[in-house]
Amino acid sequence: MPEPIIQMHNVSLIYPNGTRGLNAIDMTINRGEFVFLVGHTGSGKSSLMKLIYREHDPTSGAVYVEGIEISDMKRSQIPFLRRRIGVIFQDFRLLGHKTVYENVAYALQVTGVSRYVMPRKVNKALTLVNLQDKADRLPNQLSGGEQQRVAIARALINDPIILLADEPTGNLDPDSSWDIMQILSKVNVSGTTVVVATHNQQLVDVMQKRVIVMNRGEMVQDVEHGRYATSALGPMPTL
Amino acid sequence: MASIAPNNQPAPSDSAEKRQLTADSQDQPAESRPQAAGPAAPNAETASASAASQSQSAAPGQDAGATLNAAKDKASSAAPESRAISAASEATSAGSQPAPAEAASGQAGAAPQHSDTSLEQNGKAANKTEPKAAPAPAAKINDAVPPPPVLKPLPPGTAAPRKPALVQKSSSKKKNKKFPSIAPPSPGDAAAQAAPADDEAPRKRYTPSGGYYLECFLREVVTNIRRNPMMSIASISTAMVLALILGMFTLVIANLDQLAQELAREMQIKVYMANSFPSEEAQECQEHLLRIEHVTGVVFVPKSEAFAKLRERLGGRISLEDIEQNPLPDAFQVSVDDPKYLDDTAQRIHEITTVEKVDYGRDEASKLLALNKTVRLAGFVILGLLFASTILIVSNTIRLTVFARRKEIDIMQLVGAADWFIRWPFILEGVFQGLIGASLSALALDLGYRLVVPHFQRSIAFIPVILPNAIIPYLWLGLTLMGCAVGAIGSLISVNRYLKA
């Protein structure tokens, strides 16, 4: 029973300096799907994701998350949207002066959760990513894979409906990358919709998930059990 | 074959729970979802545990896929809440290994190639078994869950209906503030009350008060200062130095002003009577003086009063105990309406016989008037400039410290923190820093002034210095208020700049 959870309807994004980020994108992602966004740098993968958690507003068109047009939402509603969406990045984006525990707990604190419940939930999330014994380390004392796992725990702590991963394995070695992808697929199995933008050809080929290919701001290909088909990507953007 | 058998076995027990779940979700789709997750969680656990026990005989890889599937079906048909963590951990408990997918790969040796194949196997198993598992439970679920909103492109100009789903958290907190007995009874309720899902219970019953947030923010402020002391020290020392300068100048100018005022008071005509003047005739003399043209007021200062004043002025520096007779004469203080009549009036008064001396200091009077004005004006200008520079420099320092943390503010916004949740710790930090800096400077000024004033009084006994107790409390009040205000406003403006961006 496909239930659309992200829908983009004729979405275009033009950045303030004139560059065209996205060009008339029509896309539907259903609940529980695992989607890869592949494409060259500048093809619009990150822009697409930014629209979902409303980092940017589309210049035209509408973006729907769980049936609500988020491009029309008031600015004050954005935090509530972002609590339902977990995002992880290539550069991890952890709060550098907070410990691992505090980083994950911060995402919970913003929702006003009682401090008696917090330890339990935070420890549960940390156990999920296997970092429960490093809970009081600072991010600069962790390896890249561990930092990304902290980011995942933080993204998952509020039970999000969507998990967005913007090049999650970009800074990681192959083994850590594989760990991360396993965690993401585990998360997807339990019902969260996962969207991963990546360059990593090997991972895309192995996971056999839906692949959306982007090129220069347009959706070029949308394959159900796709592979990272370099032919569909089109030529490299001129540097 | 092995893959089919374990799948069939969980199906009957699955449907039983699914029936219960559909009953729940039919009542109130929005609100009973947290409750549906409650019974779903323990039930799913038992079901997957039974599935696990049944499937353990078969090959581990494919069974892990099968239990994965069963868990996925259960979880997706249950609530959107508590999926990621609780269901995933159920899957882990069912597989009794870190992760079912990892379990398959772990048994194969945890090499990527092995896990490739097992993941593919799982995918294939999912493809194979899903059509078989789907029909029985899925049919029931489809009736229960409300159909997803059908989205047609809206005609331009219509605003999309604002459904409460996205703000469900806050409104559901308010609605469910009372105990669940208020909600209409459904089979899920009893289970939820009996074994409240630990994820959902606090969201229903606990709404944090302002005090909780305040404590939360204060704790964060203290932690921030402890972990990054240099930035705080920069702000505090800037505030302290500037407040010190401002305070010093305020004291100096206040004293100068009072001196000028005091000297201006001397512009009254002092009429000193002869020693033979009988004090009883003071009243008559006063009336006589008043009748002189341009005289506005006459004050009789008997010698005793004059003596007392002198003693007070000297402040105990010079002992007056051994003077037996009061050497001071009776006097009148005559005020004139306009300083230019001083001369004239003084002449007239001098003609009175019992008047011994008339004192008014004419040139000095005009000079003093001009000086007084100048002092006042200069004082205000200097203080104004100092005040402005204090505000600018302190808020600039605070702006720098906030600028250094702009990435953090970005991350906080990313995680879904409301604007006020981000702002308040910064504001409190600014207030804290401004307060500490201003207090330190007020303390220094307090001690310094109390030390300096006695020296002044000893060396130049007749200069009217403002006594410490008269001015120091106002200094404390003014400086601390200014410190708090500058800190708060500086932080507020700086943070807002990074919130909008």
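Data overview
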item	result
Residue in the stretch B:474-493 that is over 20 Å from B:F387 (Cα atoms), of a type in the set (A, V, I, L, M, F, W, C) and either assigned by TED's automatic domain parsing to the domain that holds B:M248 or not in a loop (DSSP other than H, G, I, E, B) (or both) present	no
All positions within the stretch A:59-114 that are within 18 Å of B:I409 (Cβ to Cβ), among the small types (G, A, S) and not in a helix (DSSP H, G or I)	A:G96
Selected residue [farther than 30 Å from A:L138 by Cα, out of contact with any Cys (no Cβ under 7 Å at 6 or more places or on another chain), facing chain B (nearest Cβ under 8 Å) and in contact (Cβ under 8 Å) with a residue 12 or more places away in the chain] from A:G61, A:G39, A:G32, A:G21	A:G32
Residue among A:R75, A:R82 that alone is surrounded by 22 or more Cβ atoms within 10 Å (Cβ to Cβ) and facing chain B (nearest Cβ under 9 Å)	A:R82
Residues located in the stretch A:115-156, provided they are among the small types (G, A, S), assigned to a loop (DSSP other than H, G, I, E, B) and within 15 Å of A:G86 (Cβ to Cβ)	none
Some residue of the stretch A:159-175 being crowded, with 23+ Cβ neighbours inside 10 Å, within 13 Å of another protein chain (Cβ to nearest Cβ) and among the acidic types (D, E)	yes
Residue that is nearest to B:W420 (Cα to Cα), among those in the stretch A:87-130 that are within 17 Å of the chain's Cα centre (by Cα) and more than 8 Å from chain B (Cβ to nearest Cβ)	A:V104
Selection from the stretch B:303-328 of residues that are closer than 30 Å to B:D344 by Cβ, at pLDDT below 80 and of a type outside the set (K, R)	B:L328
Conditions (1) under 17 Å from the mean Cα position of the chain (by Cα); (2) in a helix (DSSP H, G or I): number failed by B:A417	(2)
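The values are calculated or read from the model by the stated rules, or taken from the named source; none is laboratory data. Given the structure is predicted, the values throughout are model-derived calculations rather than measurements. Glycine also receives a Cβ, built like all others from the backbone with ideal geometry; neighbour counts cover every protein chain displayed.
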